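J.: Below is the structure I would like to discuss, written out as structure tokens.
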Amino acid sequence: MDQLLERFLSYVAIETQAKPQARQVPSSEGQWTLARKLQEELIALGFVDVSLSDHCCVMGTLPANVDWPTPVIGFISHMDTSPDFTAKNVNPQIIEHYRGGDIALGTGEEVLSPVMFPILHKLTGHTLITTDGKTLLGADDKAGIAEIMTAMARLAKGDIPHGAIRVAFTPDEEIGRGTSHFDVEGFAADWAYTVDGSDLGEFEYENFNAASAVVKIVGNNVHPGSAKGVMVNALDVATAFHAEVPAKERPQFTDGYEGFYHLHQMKGTVEHAELQYIIRDFDTASFEQRKQVLTAIAERINAGLHKDCSVTVEISNSYRNMREKVEPHPHIIELALQAMRDCGIEPKVKPIRGGTDGSALSWKGLPCPNIFTGGYNYHGKHEFASLNIMAQAVDVIVRLAALAAEKKA
């Protein structure tokens, strides 16, 4: 646990926040810093074929220590942190043997409270790593990186039989670019697992289908004193458009397998307005229907507008549900569930109400479900991690490697 904590703290100290507005990959220089560090650590552990690509993806191989053919499995985590909250000068707090109750974050008024975050009730006795209330922590996904590296260090000692293991650390997952330059063929694994989940025992092999929609509105602006019958206020049209989006099918009213429409940005003037939505659904048919709903709203509104005014909807697909690509390989799922049970952990199979690198990789031909990390409250100042659960994630990774070695290729 000491080595795991040391690794994690060294990783979160490096600012790797993704920058959505950047055109290059990676989007931030700090990701290069962390990538080079991980490259050096892999070499020191005895990895071979260690590489750092032109787009900041680190890959390496831990050679097999058995003399029979085995499948090659991979473990993947991402190096960037979310752009949703500042990640500069991360200053973690270590709370040993958490006794319950509020945790003061730094010297200000911020607290991490079990009233707001009931999961804390289940973590009494754990060593918790929190923020100081001024930044996010970066457990998403540096907890995953620390767990993979610690598991590889344990396997590198050679006393646990394992086949060849591939690891990869990707950039810019948080802004949807993590796998845009990932060399699946070069990675050369039969299957892989992203280590990018949250609570103990979580295992995910299905995620949202995702798309973005931009609604552009052209109005007509004249002096308000002579506007009758002439003005078309684009802001009024925008509010009318949103009013037609199903009110109960928004994130704050949905859970589990329920999809949603999410208006996450709105801007404009009388002349021009723009709405930006994200569309999410697990079911492919329902996903397509959601796109059609937005298009139909635009058509209805357009029918009542002056010919020089308009509402247009531009929809772009983001990622797809990995279930379609993972489910045909049930041994990938069963091996992970067995590894958890062998480690005394009851698996919690659940859908990801979001996406991971594993989604895109699965559609690129590398089946890649997701394993828990022990991190919580991602993307904000209340983010924290349980070192105890992080250590259990290490155990699961090691056990997975041993079980895969028992499956002769």
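The values are calculated or read from the model by the stated rules, or taken from the named source; none is laboratory data. Worth saying up front: this structure is predicted, and the values here are computed from it rather than measured. We place every Cβ from the backbone using ideal geometry, glycine too, and count neighbours over all the protein chains shown. Accessible surface is based on the protein model in full, side chains and every heavy atom, while ligands, DNA and RNA are left aside. Shrake-Rupley method; radii C 1.70, N 1.55, O 1.52, S 1.80 Å.
J.: Based on what the data block shows, is ASN233 in contact (Cβ under 8 Å) with a residue 24 or more places away in the chain, open to solvent by less than 40 Å² (accessible area, probe 1.4 Å) and outside the structural domain of PHE372 (by the TED database)? First the steps, then the outcome.
T.: Working: in contact (Cβ under 8 Å) with a residue 24 or more places away in the chain: yes; open to solvent by less than 40 Å² (accessible area, probe 1.4 Å): yes; outside the structural domain of PHE372 (by the TED database): yes.
Yes: the conditions hold for ASN233.
J.: Criterion first (surrounded by fewer than 16 Cβ atoms within 10 Å (Cβ to Cβ), of a type in the set (Asp, Glu) and closer than 28 Å to GLU406 by Cβ) does GLU185 satisfy it? Don't jump to the end; show me each part of the working.
T.: Numbers: surrounded by fewer than 16 Cβ atoms within 10 Å (Cβ to Cβ): yes; of a type in the set (Asp, Glu): yes; closer than 28 Å to GLU406 by Cβ: yes.
Criteria met by GLU185.
J.: Please name all residue pairs, on different chains or six or more residues apart, with Cβ atoms under 9 Å, provided the first residue is in the stretch 11-27 and is in the same structural domain as HIS181 (by the TED database) and the second residue is open to solvent by less than 20 Å² (accessible area, probe 1.4 Å) and of a type in the set (Val, Ile, Thr).
T.: Close Cβ pairs satisfying both conditions: TYR11/ILE145; VAL12/THR81; VAL12/ILE129; GLU15/THR81; THR16/THR81; GLN17/THR81; ALA18/THR81; PRO26/THR16.
J.: While we're looking at this one, here's another question. Of all residues in the stretch 88-133 being of a type in the set (Asp, Glu) and at pLDDT below 95, which is nearest to the chain's Cα centre (by Cα)?
T.: Across the stretch 88-133, the extreme among qualifying residues is GLU110.
J.: Next up: Take ILE297 and decide whether it is closer than 19 Å to GLU244 by Cα, modelled with pLDDT of 95 or more, over 27 Å from the mean Cα position of the chain (by Cα) and not assigned by the TED database to the domain that holds LYS350.
T.: Details: closer than 19 Å to GLU244 by Cα: yes; modelled with pLDDT of 95 or more: yes; over 27 Å from the mean Cα position of the chain (by Cα): yes; not assigned by the TED database to the domain that holds LYS350: yes.
For ILE297, the condition - closer than 19 Å to GLU244 by Cα, modelled with pLDDT of 95 or more, over 27 Å from the mean Cα position of the chain (by Cα) and not assigned by the TED database to the domain that holds LYS350 - is met.
J.: Next question, about the same structure. How many residues does the stretch 84-117 hold that are open to solvent by 70 Å² or more (accessible area, probe 1.4 Å) and farther than 25 Å from MET1 by Cα?
T.: Going through the stretch 84-117 one residue at a time, the tally reaches 6.
J.: Scan (1) assigned to a loop (DSSP other than H, G, I, E, B); (2) closer than 23 Å to ASN377 by Cβ; (3) free of Cβ contacts under 8 Å to residues at least 60 places away in the same chain for the single condition ASP159 breaks and write down its number.
T.: (2)
J.: Let me ask you something else. Hey, can you tell me all the residues within the stretch 248-296 that are within 28 Å of ASN221 (Cα to Cα) and small (Gly, Ala, Ser)?
T.: GLY268, ALA273, ALA296
J.: Take residues that are more than 28 Å from ASN388 (Cβ to Cβ) and tell me which of the strands (runs of 3 or more DSSP E) falling wholly in the stretch 36-104 contain 2 or more. It would help to see each step written out before you state the result.
T.: On the way: elements: 48-52, 58-62, 73-78, 93-95.
In the stretch 36-104, 48-52, 58-62 are the strands (runs of 3 or more DSSP E) which contain 2 or more residues that are more than 28 Å from ASN388 (Cβ to Cβ).
J.: Pick from the stretch 291-315 the residues that are open to solvent by less than 60 Å² (accessible area, probe 1.4 Å) and of a type in the set (Gly, Ala, Ser): which of them is nearest to THR269 (Cα to Cα)?
T.: My answer is SER310.
J.: So SER10 passes all but one of these: (1) outside any helix (DSSP H, G or I); (2) open to solvent by less than 60 Å² (accessible area, probe 1.4 Å). Which condition number does it fail?
T.: The one condition SER10 does not meet is (1).
J.: Given the criterion hydroxyl-bearing (Ser, Thr, Tyr) and either open to solvent by less than 50 Å² (accessible area, probe 1.4 Å) or outside any helix (DSSP H, G or I) (or both), identify the matching residue among THR150, THR239.
T.: Numbers: THR239 fails: either open to solvent by less than 50 Å² (accessible area, probe 1.4 Å) or outside any helix (DSSP H, G or I) (or both).
Matching residue, one of THR150, THR239: THR150.
J.: Looking only at the stretch 189-206, decide whether some residue is more than 30 Å from GLY163 (Cα to Cα) and crowded, with 18+ Cβ neighbours inside 10 Å. Lay out the reasoning, then the answer.
T.: Looking only at the stretch 189-206, we keep the residues that are more than 30 Å from GLY163 (Cα to Cα), and these are none.
Within the stretch 189-206, not a single residue is more than 30 Å from GLY163 (Cα to Cα) and crowded, with 18+ Cβ neighbours inside 10 Å.
J.: Which residues, taken from the stretch 230-247, are farther than 20 Å from ARG300 by Cβ and either within 30 Å of the chain's Cα centre (by Cα) or among the β-branched types (Val, Ile, Thr) (or both)? Even if it seems obvious, please write down each step before you answer.
T.: If we filter the stretch 230-247 for residues that are farther than 20 Å from ARG300 by Cβ, which is where we start, we get 230-231.
Correct list: VAL230 only.
J.: Does the stretch 361-372 contain at least one residue that is among the hydrophobic types (A, V, I, L, M, F, W, C), in contact with a Cys (Cβ under 9 Å, 6 or more places away or on another chain) and open to solvent by less than 10 Å² (accessible area, probe 1.4 Å)?
T.: Initially, the stretch 361-372 is screened for residues among the hydrophobic types (A, V, I, L, M, F, W, C), giving 361, 363, 366, 368, 371-372.
In the following step, the residues that additionally are in contact with a Cys (Cβ under 9 Å, 6 or more places away or on another chain) were identified as 361.
After this cut, where a residue has to be open to solvent by less than 10 Å² (accessible area, probe 1.4 Å) as well, the list is 361.
The answer is yes; a qualifying residue exists.
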